[in-house]
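Asks: Questions regarding the structure given below will be posed in turn.
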Amino acid sequence: MKRILFLIIITASLQVYSQDELKGKYQPVQQKNSETKEVVPPETNPSAEPPALAKDPIVLQINPEELFKNNALYKKEANVEGIFYRRNEYLGGFITKGAVSTVRYRDAAFVDGDKIRVYLNDKVIEPEVLLDGEFKGFKINLVKGINKIDFEALNEGSASPNTAEFQVFDDKGAVIESSQWNVGTGYKAVIILYKE
């Protein structure tokens with residue numbers, strides 16, 4: 001019995017020590033090559049624009065609470081104490097004059113099987129994407145006005161939450177935005193591009 005207890009204590013202390021050794025040493029997976037395809041935006045129904053966007057073309061003033069509030073397209077927040085990712089995440093609104101934009105994404109942390117679905121103006125353009133260490137993405141021909149991109153978490157991989165790094169480029173290759181999302185299964189990360 002003493003030997004078993006001794007082995008448990010030694011194993012636990014080694015795990016704590018090894019986790020401390022890794023702190024600050026994690027390096028994100030570097031991009032090797034990218035897979036990008038072109039997506040033409042689906043036809044939009046002007047009457048189906050989300051509330052607070054139809055009357056306000058300056059996307060920098062969008063209130064994310066209004067975007068997600070009482071909208072059947074977004075799952076309601078279900079956070080409990082200590083769990084912050086059971087919510088939709090607004091990644092920002094950006095104005096561009098370009099006719100084309102490139103959106104790329106990959107797993108932001110450990111590659112653990114995160115899957116997403118991608119929407120453009122509420123139409124599915126990628127039904128299921130497995131996030132890995134290399135960037136994947138698409139080019140879209142922007143329509144004048146609002147171009148809303150939703151990334152829905154289909155799962156949380158083997159380590160919660162669903163995490164991804166994303167990048168948005170204009171038609172000249174300049175970065176419009178680069179950030180990360182952390183959302184739970186069924187929740188969405190949203191970015192809006194407004195073409196002047």
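The values are calculated or read from the model by the stated rules, or taken from the named source; none is laboratory data. A quick note: this is a predicted structure, and the numbers were derived from the prediction, not measured. No Cβ is skipped: glycine too gets one built from the backbone with ideal geometry, and neighbour counts run over all protein chains shown. Just so you know, the surface numbers come from the protein's heavy atoms only, side chains and all, with ligands and any DNA or RNA stripped out. Shrake-Rupley method; radii C 1.70, N 1.55, O 1.52, S 1.80 Å.
Okay, residues lined up against (1) among the aliphatic types (A, V, I, L, M); (2) within 13 Å of the chain's Cα centre (by Cα); (3) over 16 Å from Phe68 (Cα atoms); (4) modelled with pLDDT of 90 or more:
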residue	(1), (2), (3), (4)
Gly82	no, no, yes, no
Thr96	no, no, yes, no
Val118	yes, yes, yes, yes
Phe138	no, no, yes, yes
Ile149	yes, yes, no, yes
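Asks: Taking Val183, is it crowded, with 17+ Cβ neighbours inside 10 Å and either within 23 Å of Asn63 (Cα to Cα) or in contact (Cβ under 8 Å) with a residue 40 or more places away in the chain (or both)? Outline the logic, then answer.
Replies: On the way: crowded, with 17+ Cβ neighbours inside 10 Å: yes; either within 23 Å of Asn63 (Cα to Cα) or in contact (Cβ under 8 Å) with a residue 40 or more places away in the chain (or both): yes.
So Val183 fits the description; yes.
Asks: Among what's in the stretch 53-78 and is at pLDDT below 65 and either assigned to a helix (DSSP H, G or I) or not acidic (Asp, Glu) (or both), pick the residue that is most open to solvent (accessible area, probe 1.4 Å).
Replies: Here is the first cut: in the stretch 53-78, the ones at pLDDT below 65 are 53-61.
The next check asks that each one be either assigned to a helix (DSSP H, G or I) or not acidic (Asp, Glu) (or both); those that pass are 53-55, 57-61.
Working: Leu53: 4, Ala54: 68, Lys55: 189, Pro57: 56, Ile58: 75, Val59: 1, Leu60: 120, Gln61: 127 Å².
Only one residue fits best here, namely Lys55.
Asks: Residues being open to solvent by less than 30 Å² (accessible area, probe 1.4 Å), under 23 Å from Gly173 (Cα atoms) and either within 13 Å of the chain's Cα centre (by Cα) or among the small types (Gly, Ala, Ser) (or both): count how many of those fall in the stretch 120-136.
Replies: 3
Asks: If Ile149 satisfies every condition in (1) surrounded by fewer than 18 Cβ atoms within 10 Å (Cβ to Cβ); (2) at negative phi; (3) without any contact (Cβ under 8 Å) to a residue 60 or more places away in the chain but one, which is the exception?
Replies: Among (1) surrounded by fewer than 18 Cβ atoms within 10 Å (Cβ to Cβ); (2) at negative phi; (3) without any contact (Cβ under 8 Å) to a residue 60 or more places away in the chain, Ile149 violates only (1).
Asks: From the residues in the stretch 98-116 that are out of contact with any Ser or Thr (no Cβ under 7 Å at 6 or more places or on another chain) and not in a strand (DSSP E or B), which one is modelled with the lowest pLDDT? Steps first, please.
Replies: In the first step, residues of the stretch 98-116 are kept if they are out of contact with any Ser or Thr (no Cβ under 7 Å at 6 or more places or on another chain); the result is 98-101, 103, 105-106, 110-111, 115-116.
Right, trim to not in a strand (DSSP E or B) and you get 98-99, 110-111.
On the way: Gly98: 90, Ala99: 92, Phe110: 84, Val111: 92.
The qualifying residue modelled with the lowest pLDDT is Phe110.
Asks: Just one of the numbered conditions (1) under 15 Å from Thr185 (Cβ atoms); (2) in a strand (DSSP E or B) is not true of Lys148; which one?
Replies: Unmet for Lys148, out of (1) under 15 Å from Thr185 (Cβ atoms); (2) in a strand (DSSP E or B): (1).
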